[in-house]
Amino acid sequence: MERKVAIIGAGISGLLACKYALSKGHRPTVFEAQSGLGGVWTKTVEITKLQIPKPFYQFSDFPWPDSVTEVFPDQNQVLEYIDSYARQFDLLHHIRFDTKVVSIDYEGASSEVQQAWALWGGTGEPFDSKGGKCGDGGVVEWWWWSSGGGGGGSGGAGGGDVVVEEWWWWSGVDGGSGGGGVVMVVVVVCQFDFVIICVGRFSGIPNIPEFPQGKGPEVFQGKVIHSMDYAAMDYATAKELVKGKRVAVVGLQKSALDIAMECSTANGMDLPCTVIYRTEHWNIPDFQPWGVPLAYLYLNRFSELSIHKPGEGPLLSLLATLLSPLRWAFSKFVESHVKHKLKLVKFGMVPKHSFLQELSSCLTSTVPDDFYNRVEKGSIRLKKAPSFSFCKEGILIDGKTETLKADLVILATGFNGVKKLQDIFASSSFQDQIAGSPDKTVPLYRECIHPRIPQLAVIGFSESFANLYTSEMRCRWLAELLDGTFKLPSIKEMEKDIAEWDEYMKQYSDKNYRRSCIGALHIWYNDQLCKDMGWNPKRKKGFVAELFEPYSPMDYACP
C-alpha cells in the first residue's frame, strides 16, 4: 500500500531516505529549508575537502565518476556528485526547496497512554491502519503528519502536525513588472503517514560558549562570528573579511583548521592567525600510517575482534580481552606516525588520549596540507586555553595576564545538534524524550528509532567513520521496516539495546565521549542491520577476505 512519507532535509540522508522510500512504493516529500540540496556541503569554507578517501564515501549503486581522480574531492566535486545522484534516481521533483519545517506535533494517544505501550506506537507497526490524505488550495503549506486516529485516549497510533514555512518571491507588486518584490507565504494542509528527520547535527544552531557577566563578546570592540557565518559567505567576501585583520579562531576541529589556513593565506606572517584550543586532537595528515592503509587497522572484522561490543557473547568478550594488547598496538602505531609527520612533540600538540578514543568519539579529522609548516614559520600560532573571556581589545586566556589582541574572532565551536533535534518537536514531552539524559547518547534504537515516539525515524544524527555509507545502510533498514520485512522488538528490549550501545561509546571514548557515534564498530553495527533485514552479514568471499579486508559501501551494493 502506498504511504505518504515526509522527509525533513535534503542532505545525504534525506536523499537516501527519499530514494529508498520510493523503492518500496511510497510517496515521499522532502522539505528543504535551503534553495539547493546537499546539506552541510552547500556552504563550506573554500579549501574544505572530503575527510575520508572517496571509496568510503560513495553510494553503493552510484560510484564516483572516473573524471574525479582526487582521493579527497573538494566541495564542488562532492556537490556535483550528490546532484548527479539525485538526478540519476529522479529525486528532485520530490523535494520542496525553500521550505523550512517549523515544528511537528503528534496527534493520537495521550502521553499517559503512550508511556503504557509495550510496543512501539502501541502495535509495533510503523503505520496506522488508516491512510493519510492531502488537502488542496494555496501555494505553500502547513503540512500535517497524520494518519487519522484523532486525539485522545485510545491505545491506537495516531499522527502529528508538521508545520513548515515556504517563501515565494514575487517580482513586482500586484502583478506589475517593475522593480522590487514581496515575499508571499500561503498555507495549506496535508497529511502524512510517517516522518523521517534528516537534519544532521552540524548546521543550524551554533554552539556558543558561555561567558561571565561583562566578559563576553559584548565588551569586545572587534567582531565575533561563528564558523557557520563564515562558511555562509561567498569565497570573495570571506577573504575580504579576514584580509588585514588580526584573527583568532577558537577550536581545533576541521572548520577551525580550514579557516585558520585561509586567514594565514590572506595575511601571512605580518598578521598571524591565532588558533585557540582547549584539547589537543589526533588530527591526521593522511590515511596511510607508515604506509599501511588505516582501513586495514580499523575497518575490517579482525580489528573489531579486539573491541568489546554491545550485546556480545562470552566468547567474543574473552577474545576482545585477549586481543587488548593488539588494540593498544594499533593505536600507538597510528599515533607514532602522526607525531612524526606533523612534529607534534615540537609544537606541544601531543594529545593525552589515545587515537582509538579519538576514532570512537568521531572526532578524527584530517589536517590541511602545510598547516604545521605554517605554524613553524609563524603565520599560524597555537594557544592552549582551558577557558577564555573577552575584553575590549581582544581575548583574555585564563591564567595569562597578557591580552591576545584581535580584530576578528571566529568561533569554530561546533553546533548544538541535540537542541536542533529537540526544536523540531512542538511537544515538550517529545523534546525531553528525543534528547534523553545529558550524560547519555540520544536514545535511538539502531541509531534510527526512538522507542517511545511513534511513526517517526531519525537518520543521519548518529555519526560514524563514513557518514554517507552509514546513512545508506540505515535508510535501507528503515525502508524494509516500513515495508513490513521485520518488526521491532518491544520497547523494553529496544531501550536495553540502546543502553548497551551507550556503555560501549562511553567505554571507548572516555573523556572525549560525544553523543551518538558508532565509532570503531562499523561492521558490527551493519551486521545488526543486515540480520534485521534478513541479509547475510558476511559480504566477502572467503575466510581470509572476510576477516582482513576492509569493508566499504560497495560490499552492501546488493542484498
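The values are calculated or read from the model by the stated rules, or taken from the named source; none is laboratory data. Note that the coordinates shown come from a computational prediction; the quantities given were computed from them, not determined experimentally. Neighbour counts run over all protein chains shown; Cβ positions are idealised from the backbone, glycine included. Accessible surface areas use protein heavy atoms only, side chains included; no ligands, DNA or RNA. Shrake-Rupley method; radii C 1.70, N 1.55, O 1.52, S 1.80 Å.
Looking at the range 49-63, I want the residues that are closer than 10 Å to residue 85 by Cβ and have a partner that is in a loop (DSSP other than H, G, I, E, B) with Cβ atoms under 7 Å, at least 6 apart or on another chain. Which pairs are those?
Note: pairs meeting the criteria are 58/64; 61/557.
Taking the options 350, 345, 338, 292, name whichever one is of a type outside the set (Asp, Glu) and open to solvent by less than 40 Å² (accessible area, probe 1.4 Å).
After ruling out the rest, the residue left standing is 338.
Just checking, how many residues over the range 500-559 are part of a helix (DSSP H, G or I) and among the charged types (D, E, K, R)? Before you say what the answer is, go through the steps one by one.
Here is the first cut: in the range 500-559, the ones part of a helix (DSSP H, G or I) are 500-512, 522-533, 543-548, 553-556.
Subset that is among the charged types (D, E, K, R): 500, 502-503, 506, 510-511, 527, 531-532, 546, 555.
Residues flagged as part of a helix (DSSP H, G or I) and among the charged types (D, E, K, R) within the range 500-559 amount to 11.
I need a count of the residues in the range 352-402 that are hydroxyl-bearing (Ser, Thr, Tyr), at pLDDT 95 or above and within 17 Å of residue 209 (Cα to Cα).
So the answer is 1.
What's the total number of residues in the range 507-534 that are open to solvent by less than 10 Å² (accessible area, probe 1.4 Å) and closer than 19 Å to residue 297 by Cα?
Summing the residues that are open to solvent by less than 10 Å² (accessible area, probe 1.4 Å) and closer than 19 Å to residue 297 by Cα in the range 507-534 gives 10.
Residue by residue, here is whether (1) over 24 Å from residue 255 (Cα atoms); (2) open to solvent by less than 30 Å² (accessible area, probe 1.4 Å); (3) outside any loop (DSSP other than H, G, I, E, B) holds:
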| position | (1), (2), (3) |
| --- | --- |
| 36 | no, yes, no |
| 68 | no, yes, no |
| 76 | no, no, yes |
| 82 | no, yes, yes |
| 87 | yes, no, yes |
| 100 | yes, no, yes |
| 106 | yes, yes, yes |
| 114 | yes, yes, yes |
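Cβ-Cβ below 7 Å, separation at least six or inter-chain, first residue in the range 417-435 and more than 20 Å from residue 203 (Cα to Cα), second in a helix (DSSP H, G or I): which pairs?
Partner pairs satisfying both residue conditions: 429/111.
Inside the range 365-387, can you point out the residues that are open to solvent by less than 30 Å² (accessible area, probe 1.4 Å) and more than 28 Å from the chain's Cα centre (by Cα)?
Result: 375, 378, 379, 380.
May I ask you to verify whether residue 429 is in a helix (DSSP H, G or I), open to solvent by 10 Å² or more (accessible area, probe 1.4 Å) and of a type in the set (Gly, Ala, Ser)? Let's see the steps before the verdict.
Details: in a helix (DSSP H, G or I): yes; open to solvent by 10 Å² or more (accessible area, probe 1.4 Å): yes; of a type in the set (Gly, Ala, Ser): yes.
Answer is yes for this residue.
Checking the structure you have, find out if any residue of the range 29-40 is free of Cβ contacts under 8 Å to residues at least 40 places away in the same chain and farther than 15 Å from residue 196 by Cβ.
no
Among the listed residues 46, 2, which satisfies the condition of being closer than 14 Å to residue 79 by Cα and acidic (Asp, Glu)?
46
I'm told residue 14 meets every condition in (1) in a helix (DSSP H, G or I); (2) modelled with pLDDT under 95 except one. Can you identify the failing condition by its number?
With (1) in a helix (DSSP H, G or I); (2) modelled with pLDDT under 95 applied to residue 14, the lone miss is (2).
Can you tell which of 21, 17 is open to solvent by less than 20 Å² (accessible area, probe 1.4 Å) and under 20 Å from the mean Cα position of the chain (by Cα)?
Just one listed residue meets the conditions, 17.
I need the full set of residues from the range 435-454 which are touching a Ser or Thr at 6+ places or on another chain (Cβ under 7 Å) and either closer than 21 Å to residue 104 by Cα or in a helix (DSSP H, G or I) (or both), in order please.
442, 444, 447
Let me confirm something: among 459, 523, which residue is under 19 Å from residue 308 (Cβ atoms), modelled with pLDDT of 95 or more and among the hydrophobic types (A, V, I, L, M, F, W, C)?
Going through 459, 523 in turn, the sole match is 523.
Residue 233 fails exactly one of the following numbered conditions: (1) touching a residue at least 24 places away in the same chain (Cβ under 8 Å); (2) within 23 Å of the chain's Cα centre (by Cα). What is the number of that condition?
For residue 233, the exception is condition (1).
Would the range 280-301 turn up any residue that is in contact with a strand residue (DSSP E or B) (Cβ under 7 Å, 6 or more places away or on another chain), among the aliphatic types (A, V, I, L, M) and over 25 Å from residue 464 (Cβ atoms)?
For the range 280-301, residues in contact with a strand residue (DSSP E or B) (Cβ under 7 Å, 6 or more places away or on another chain), among the aliphatic types (A, V, I, L, M) and over 25 Å from residue 464 (Cβ atoms): absent.
So which residues in the range 89-98 are open to solvent by 30 Å² or more (accessible area, probe 1.4 Å) and either touching a strand residue (DSSP E or B) at 6+ places or on another chain (Cβ under 6 Å) or of a type outside the set (A, V, I, L, M, F, W, C) (or both), if there are any at all?
Across the range 89-98, the qualifying residues are 90, 93, 94, 96, 98.
Listed here are the residues, each with its yes/no results for (1) farther than 27 Å from residue 63 by Cα; (2) touching a residue at least 12 places away in the same chain (Cβ under 8 Å); (3) among the β-branched types (Val, Ile, Thr); (4) open to solvent by 10 Å² or more (accessible area, probe 1.4 Å).
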| residue | (1), (2), (3), (4) |
| --- | --- |
| 454 | yes, yes, no, no |
| 465 | no, yes, no, yes |
| 468 | no, yes, no, no |
| 505 | yes, yes, no, no |
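Considering only the range 49-58, I want to know if a residue exists there that is in a loop (DSSP other than H, G, I, E, B) and open to solvent by 40 Å² or more (accessible area, probe 1.4 Å).
Yes, because at least one residue in the range 49-58 is in a loop (DSSP other than H, G, I, E, B) and open to solvent by 40 Å² or more (accessible area, probe 1.4 Å).
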